[in-house]
Structures are given as C-alpha cells and as structure tokens.
Amino acid sequence: MSKKAKSHIKKKGKSPEAPINQAESAERLIELISEMLKELHPRKSHALNVRLDSSLDKDLGFDSLSKVELITRVENVFSIKLPEQILTRSQTPDDILASIIQTSKNSTGSVLATAFKAPLLDVVNGAPAQASTLPEMLRWHTGAHPDRTHIFLYGEGDEPEQITYNDLLKGAEQYSVGLRNKNLQAGQTVAIMLPTGKDYLFSFFGVLLAGGVPVPIYPPANLYQLEDHVKRHVGILQNAQCSILITVPEAKKTAGLIKAQVESIHSIIVNGNLILTHFACKTAI
C-alpha cells in the first residue's frame with residue numbers, strides 16, 4: 001500500500017517509558033498473532049503454530065487485508081507508528097519484530113501522533129437531494145463547488161495530497177473513456193486491484209461513469225507475490241464475471257494466467273502517469 005486515507009481523528013498513543021525488551025516483545029507479538037488467527041481461522045487456529053520464522057501468508061494464512069489489520073493492532077499494542085514499507089517487506093513475524101525494535105529506538109516519529117488537526121472547509125449551501133447515484137452526487141458537487149477539497153490523501157509525508165471534486169471527476173472521466181473504448185457494456189463488472197491512491201479513486205468512479213460495476217480487490221502487500229495473490233482471488237473474479245481488470249503494471253506478467261482461469265476477462269488496463277494503456281489478454285506479454 002503506497003498511500004492511505006486517514007480519518008480526522010487519530011488515537012493517542014502512549015510514549016514507551018523504557019526501551020522495548022526484545023524477548024518480551026517477541027512474546028507479545030506471537031500472542032497477538034495467535035489471537036488474530038483465532039478470529040481468522042476459528043476451526044483450525046489450534047493447528048497453527050506461530051513462530052518468529054513462520055511465513056505470514058503460506059504458514060499462517062494472512063492475506064493483504066488481514067496483514068494490514070495485523071500491523072494496525074501491532075501499532076496500537078506497542079504504541080508506535082511503523083513505517084509503511086512494513087507491509088511489503090515483512091514476510092515473517094520476525095520481520096515485524098525487527099521493525100518494532102528499530103522503530104522504538106527512533107525518538108522521532110516512533111510514537112503515534114497525539115493529535116490530528118482537522119482541515120477547515122467552507123460551508124456548503126444546498127445539498128444534492130435529487131441525486132440517486134454516486135456519479136450524480138459527484139457531478140452536483142463539481143457543479144456547485146469544483147475546487148472544494150473532497151479527499152485528503154495521506155502518504156508517508158506529513159502533508160496530505162488534496163483532491164477536489166473537479167479533480168475526481170476529471171480523473172474518473174478519463175478512465176470512463178478508456179473503459180468504453182474497451183467495449184465495457186452497461187452492468188458489466190470491472191475488477192480494480194490497486195493500492196489506495198488517486199488511481200484507485202479515479203478508476204472506481206470511472207467504472208461507475210461508464211455504467212459498469214466496480215469490484216474492488218485488495219492488492220498484494222508484496223508485488224513479488226502477485227501471481228500467488230491473483231490465484232487466491234480467481235474465485236472472486238470468476239463469481240463476479242469481471243470483463244476487465246484494472247491493476248498495477250506488474251500484473252502484465254500474469255495476464256496469461258488471469259485469462260486462462262477467468263474466461264470472462266478480455267482486457268487488462270494498466271495505469272502509468274495517468275496515461276491508460278490497454279493489454280488484451282489474448283496477446284502474449
């Protein structure tokens with residue numbers, strides 16, 4: 001995940017009063033993972049032996065979404081803010097433990113932020129009372145106040161990237177044109193496997209503007225595991241009968257695999273620098 005949208009209120013974390021003990025931290029981490037596994041796999045959690053060298057995905061069954069939840073719980077329990085790269089770099093509990101120890105040694109940025117200043121927004125006159133769909137609401141807001149900030153998108157920096165209603169509509173319209181050029185028909189489903197960011201937001205609304213139905217799929221935490229990630233989500237793609245997949249450039253390498261297992265998909269759309277490039281799955285890549 002390269003970026004994530006934060007709420008206007010963040011929980012206050014307590015600063016560690018003493019250096020984190022590695023042995024105690026390892027024990028707490030394993031206990032935390034074990035508790036989460038009971039929630040994820042209640043019928044077989046007793047058979048899962050959590051070790052520091054266990055593979056989070058292969059041995060313990062963590063997918064991208066549950067891994068994000070795990071990191072969130074770790075940050076709350078240890079009252080620290082782990083670097084965002086932890087999602088892509090951690091393959092084992094030991095990797096998470098190493099990040100906990102390293103982060104606790106850094107006095108700057110290690111403790112969860114104690115306050116988050118909510119952005120000030122202008123008063124809005126009127127409301128889209130007649131709008132019945134998300135595209136209709138977006139067009140109403142764009143017409144009423146196009147330069148009003150709609151989304152504050154936070155990455156690794158302190159300052160958020162601001163996306164206005166007009167920005168969102170223009171980005172969505174660009175995707176909408178690309179989808180129509182790929183013969184997307186009204187009511188057809190489009191899978192979106194992208195990290196949280198502008199491209200995800202633009203593509204989601206772009207599908208709606210084109211008359212399609214978006215099917216969000218959480219992207220892999222580690223792009224090197226993309227093929228395994230796609231295999232695990234074949235059932236969703238098949239069940240939704242997706243005709244198009246919008247994803248990251250690295251997915252070009254798995255186009256043949258996707259087409260072989262999901263016959264309904266005829267095209268993959270890859271975004272790069274807001275220029276849509278289309279790859280027909282029947283063509284070797």
Next item on the list: Have a look at Ala260, Ala240, Ala221 and point out the one that is farther than 19 Å from Asp57 by Cβ, at pLDDT below 85 and not β-branched (Val, Ile, Thr).
Entry: Ala260
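Of these, Leu87, Leu82, which one is surrounded by 14 or more Cβ atoms within 10 Å (Cβ to Cβ) and modelled with pLDDT of 85 or more?
None of the other options fit; the residue is Leu82.
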Notebook entry, point to check: modelled with pLDDT of 95 or more and touching a Leu at 6+ places or on another chain (Cβ under 7 Å), is that true of Tyr200?
Noted result: no
Next item on the list: Could you list all residues from the range 119-147 that are over 18 Å from Gly206 (Cα atoms), loosely packed, with under 15 Cβ neighbours inside 10 Å and modelled with pLDDT of 90 or more?
Entry: Gln130, Ala144, Asp147
Margin query: List pairs: first residue in the range 95-107 and more than 20 Å from Lys67 (Cα to Cα), second residue at pLDDT below 80 anywhere in the structure, Cβ distance under 7 angstrom, at least six positions apart or on different chains.
Written below: Ser104/Pro16; Ser104/Pro19; Ser104/Ile20; Ser104/Ser110
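Can you confirm whether His145 is in the same structural domain as His266 (by TED's automatic domain parsing) and either within 25 Å of Lys58 (Cβ to Cβ) or in contact with a Cys (Cβ under 8 Å, 6 or more places away or on another chain) (or both)?
Taking the combined requirement at face value, the residue does not satisfy it.
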Margin query: When you scan the range 164-179, do you find a residue that is crowded, with 20+ Cβ neighbours inside 10 Å, touching a Cys at 6+ places or on another chain (Cβ under 7 Å), closer than 15 Å to Ser267 by Cα and in the same structural domain as Gly235 (by TED's automatic domain parsing), even just one?
Written below: no
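The values are calculated or read from the model by the stated rules, or taken from the named source; none is laboratory data. All of these numbers come straight from a predicted model, not from anything done at the bench. As a convention, Cβ positions derive from the backbone with ideal geometry for all residues, glycine included, and neighbour counts pool all protein chains shown.
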